[in-house]
Amino acid sequence: MKIALCQIDTIIGDIENNKKKIIAGYKQGSADGVDLVIFPELSLVGYPPQDLVEKQEFRQAAIIASKEIADITGKTGLIFGTITEGDDLIGTDVHNSALLCFDGKMQFVQHKTLIPNYDVFDEMRYFDAAKDVDVFEFRNEKLGISICEDIWNDADYWYKRRYSVDPVKKLIEKGASVLINISASPYHYGHRKDRQEMLSVLTKMDEVSLAYVCSVGAQTDLIFDGASMCFDGTGNLVLLGKSYEEDYFVFDTKVTYLPIHQSEKSFEEETLEALVYGLQEYCSKLGFKKVLVGLSGGIDSALVTYIAVQAMGKESVHAVLMPSEFSSEGSIVDSRKLISNLGISYETISIQPVVDKTIEVLNGSFNGKKPDTAEENIQARIRGIYLMALSNKHNYLLLTTGNKSEMAAGYCTLYGDMSGGLAVIADVYKTDVYRIANFINKDKEIIPKEIIVKAPSAELRHGQKDQDTLPEYELLDKILRMYLEENKEIFEISKIIGDEIVVKKVLRMVDINEFKRKQAAPALRVSKKAFGYGRRYPIVQGWRK
């Protein structure tokens with residue numbers, strides 16, 4: 001069987017746009033003489049559609065568009081993902097479905113069986129599970145059609161499974177000769193490698209070929225990397241779609257292909273590509289043509305500025321230097337060197353006159369108390385005012401520059417450096433920021449070495465260093481990874497770190513700053529556990545006093 005995989009970038013809720021892409025891909029596959037054309041999960045409505053699913057008008061629009069797509073089909077088969085409705089009046093009665101169409105009709109519907117409800121997934125809120133799965137005979141093959149999570153429960157691969165049901169095993173038992181999985185699987189580093197290994201085991205053990213078509217694109221914070229995969233019946237990955245762009249390719253189950261051994265590049269390269277793509281998509285889908293960055297002379301804002309140039313082009317990136325009395329000459333010089341290397345526009349606006357006036361006005365209300373973080377935060381917030389004013393006036397998208405370590409520890413100022421429309425590196429630990437910066441400089445110096453080697457500082461008082469408040473970043477990030485991504489607690493982490501006092505301090509900082517993160521800009525997700533939708537932690541809680 002010849003199967004065309006159409007790896008498309010959809011827009012959530014733009015049913016008309018998505019429908020046109022599905023029809024165009026189908027027509028290309030028909031012209032190429034394939035037997036079947038397949039599209040990703042919920043490709044008609046976009047993934048994840050969230051509460052749009054609860055609107056009857058939205059569901060009806062999807063149903064109408066599905067019929068319009070089916071109407072144009074001929075002898076070539078078409079599988080695409082959409083939402084469907086039942087009439088049993090139990091549960092939501094809405095399904096995440098794969099539709100098989102040909103000869104002008106919807107010939108077969110397979111609902112999703114395994115409805116994920118963890119991390120960034122919240123499908124139980126919207127969808128009911130399939131009651132059963134069936135194969136469909138088409139062109140002398142028995143198609144076993146599944147949807148994303150349905151294939152992530154293979155007993156031969158997982159030590160511990162999430163679900164008691166294995167829909168793919170059922171399809172094999174019912175005689176499936178070709179497996180089709182339509183997927184929308186959010187990216188994080190290592191996920192593609194895991195996917196390859198799992199699907200390799202499944203296809204080898206069941207001796208069946210598989211076409212696995214993945215979504216591509218970024219939907220706010222979620223990045224979908226594409227990289228659709230095809231496997232032969234011996235477990236070899238034989239075709240691999242492009243990463244971070246739309247793709248179309250044909251898999252012939254009767255052809256012998258050379259195996260592909262590696263599907264994922266280095267951490268630095270993959271993460272950088274994902275961040276560039278995520279920013280590019282966010283701007284494109286929201287209509288932003290230019291971005292704005294507050295450039296401090298530190299490594300975080302330098303990395304965000306580099307990413308912005310790669311995503312938008314140098315002519316679409318504008319930087320603002322906002323020195324105060326505490327800004328070192330080196331920070332200004334280093335920032336200008338980066339600006340020159342990247343070829344972007346910039347301006348310099350001092351915050352000091354406004355800081356001085358603000359403190360003068362508030363002096364009486366401060367009641368003679370010694371200067372502390374209140375005065376420091378005034379500086380950060382005045383910078384936020386400047387940047388938001390420029391954003392409003394010139395229709396820039398303001399990018400925040402805080403990293404994951406700072407966001408975790410609350411080492412950031414609400415309504416100050418947290419101001420902006422997208423947090424580009426808020427899911428990248430500080431130590432990884434350095435790794436990526438060094439990767440960028442592997443061939444020539446783009447981010448000035450002075451920025452990379454200097455001790456990090458917020459420069460809100462004389463001689464300030466991050467480590468005045470935080471542990472060394474190597475130690476901090478090690479603790480944060482265990483707490484945030486492995487769900488370890490004080491005593492578990494302390495056994496590994498060997499310093500319970502430091503562990504308690506770090507975990508307390510994470511917990512008491514939850515209120516800041518609830519008000520933060522959306523952060524591009526590149527790890528297993530990002531702040532935002534995938535980590536739901538109470539602001540008011542008494543787990544640890």
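State yes or no: is Gly297 over 21 Å from the mean Cα position of the chain (by Cα), buried (at least 21 other Cβ atoms within 10 Å of the Cβ) and at pLDDT below 95? So Gly297 fits the description; yes.
Only one entry of Arg508, Arg544, Arg517 meets the criterion of being at negative phi, more than 25 Å from the chain's Cα centre (by Cα) and modelled with pLDDT of 95 or more, and that entry is Arg508.
Would you check if there is a residue in segment 530-539 being among the aromatic types (Phe, Trp, Tyr) and free of Cβ contacts under 8 Å to residues at least 60 places away in the same chain?
Filtering segment 530-539 for residues among the aromatic types (Phe, Trp, Tyr) gives 531, 533, 537.
Pick out the ones that are also free of Cβ contacts under 8 Å to residues at least 60 places away in the same chain and you get 537.
Looking for residues that are among the aromatic types (Phe, Trp, Tyr) and free of Cβ contacts under 8 Å to residues at least 60 places away in the same chain, one finds at least one in segment 530-539, hence yes.
Of Glu486, Glu500, Glu514, all but one fail to be touching a Ser or Thr at 6+ places or on another chain (Cβ under 6 Å), farther than 30 Å from Val333 by Cβ and either without any contact (Cβ under 8 Å) to a residue 40 or more places away in the chain or in the same structural domain as His188 (by TED's automatic domain parsing) (or both); the exception is Glu500.
Filtered by the rule that a residue be in contact with a helix residue (DSSP H, G or I) (Cβ under 9 Å, 6 or more places away or on another chain), within 19 Å of Asn96 (Cβ to Cβ) and of a type outside the set (S, T, N, Q), segment 172-211 gives Leu179, Ile182, Ala184. Sort through Lys204, Lys170, Lys193 and tell me the only one that's touching a Phe, Trp or Tyr at 6+ places or on another chain (Cβ under 9 Å), surrounded by fewer than 24 Cβ atoms within 10 Å (Cβ to Cβ), touching a residue at least 24 places away in the same chain (Cβ under 8 Å) and among the basic types (Lys, Arg). Being touching a Phe, Trp or Tyr at 6+ places or on another chain (Cβ under 9 Å), surrounded by fewer than 24 Cβ atoms within 10 Å (Cβ to Cβ), touching a residue at least 24 places away in the same chain (Cβ under 8 Å) and among the basic types (Lys, Arg) holds for just one of Lys204, Lys170, Lys193, which is Lys204. All of Leu272, Leu321, Leu279 fail the test of being buried (at least 19 other Cβ atoms within 10 Å of the Cβ), hydrophobic (A, V, I, L, M, F, W, C), in contact with a Lys or Arg (Cβ under 9 Å, 6 or more places away or on another chain) and over 30 Å from Val34 (Cβ atoms), apart from Leu321. Listed by first and then second residue, the pairs with beta-carbon distance under 7 Å, at least 6 apart or on different chains, first residue in segment 464-476 and under 18 Å from Ile452 (Cα atoms), second part of a helix (DSSP H, G or I), are Tyr473/Ser405; Tyr473/Lys430; Tyr473/Thr431; Glu474/Thr431.
Considering only segment 49-66, state which residues are part of a loop (DSSP other than H, G, I, E, B) and within 15 Å of Ser97 (Cβ to Cβ). Working first, answer last.
Going through segment 49-66, the residues part of a loop (DSSP other than H, G, I, E, B) turn out to be 49, 55.
Answer for segment 49-66, where residues must be part of a loop (DSSP other than H, G, I, E, B) and within 15 Å of Ser97 (Cβ to Cβ): just Pro49.
Put simply, of Tyr212, Tyr277, Tyr244 the only residue that is within 30 Å of Tyr429 (Cα to Cα), modelled with pLDDT of 95 or more and not assigned by TED's automatic domain parsing to the domain that holds Lys442 is Tyr244.
The values are calculated or read from the model by the stated rules, or taken from the named source; none is laboratory data. The structure displayed is predicted, hence computed values, not measured ones. Note: ideal-geometry Cβ built from the backbone for every residue, glycine included; neighbour counts use all protein chains shown.
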